[in-house]
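Okay, structure first, notes after.
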Amino acid sequence: MVLANRPDLAALAEHVRSFACTVTEPQSERLPEWIESARAPADLPRFELLRKRVLLYG
């Protein structure tokens, strides 16, 4: 599996799963916590852009 060989992508996948839970279940009060915990690896700048936009518009 790809994620087994790429810890950075495994971490990204976990952030995406947790974000999906935060916005689809009644957990919107946890969004600021998710934003703080979701720090993208340096080689995934687009994810950092997403995180910053959620912070801006969240």
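The values are calculated or read from the model by the stated rules, or taken from the named source; none is laboratory data. Computed from a prediction, not measured in an experiment: that's the story for all the values here. Quick reminder, even Gly has a Cβ in these numbers, built from the backbone with ideal geometry, and neighbours come from all protein chains shown.
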Return the pairs, sorted by first residue and then second, in which the second residue is small (Gly, Ala, Ser) and outside any helix (DSSP H, G or I), the first residue lies in segment 12-37 and is under 17 Å from residue 49 (Cα atoms), the beta carbons are less than 6 Å apart, and the residues are 6+ apart or on different chains. 15/38; 31/58
Can you tell me which residue within segment 34-45, out of those that are under 11 Å from the mean Cα position of the chain (by Cα) and assigned to a helix (DSSP H, G or I), is modelled with the highest pLDDT? 34
Subset of segment 13-29, residues at pLDDT 75 or above, of a type outside the set (Gly, Ala, Ser) and loosely packed, with under 15 Cβ neighbours inside 10 Å, comes to 14, 16, 17, 21, 23, 24, 25, 26, 29
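Go through the residues of segment 5-12 one by one and say whether even a single one is outside any helix (DSSP H, G or I), modelled with pLDDT of 80 or more and surrounded by 12 or more Cβ atoms within 10 Å (Cβ to Cβ). Steps first, answer last, please.
Taking segment 5-12 first, the residues outside any helix (DSSP H, G or I) are 6.
Now restrict to residues that are modelled with pLDDT of 80 or more: 6.
Pick out the ones that are also surrounded by 12 or more Cβ atoms within 10 Å (Cβ to Cβ) and you get 6.
Looking through segment 5-12, at least one residue is outside any helix (DSSP H, G or I), modelled with pLDDT of 80 or more and surrounded by 12 or more Cβ atoms within 10 Å (Cβ to Cβ).
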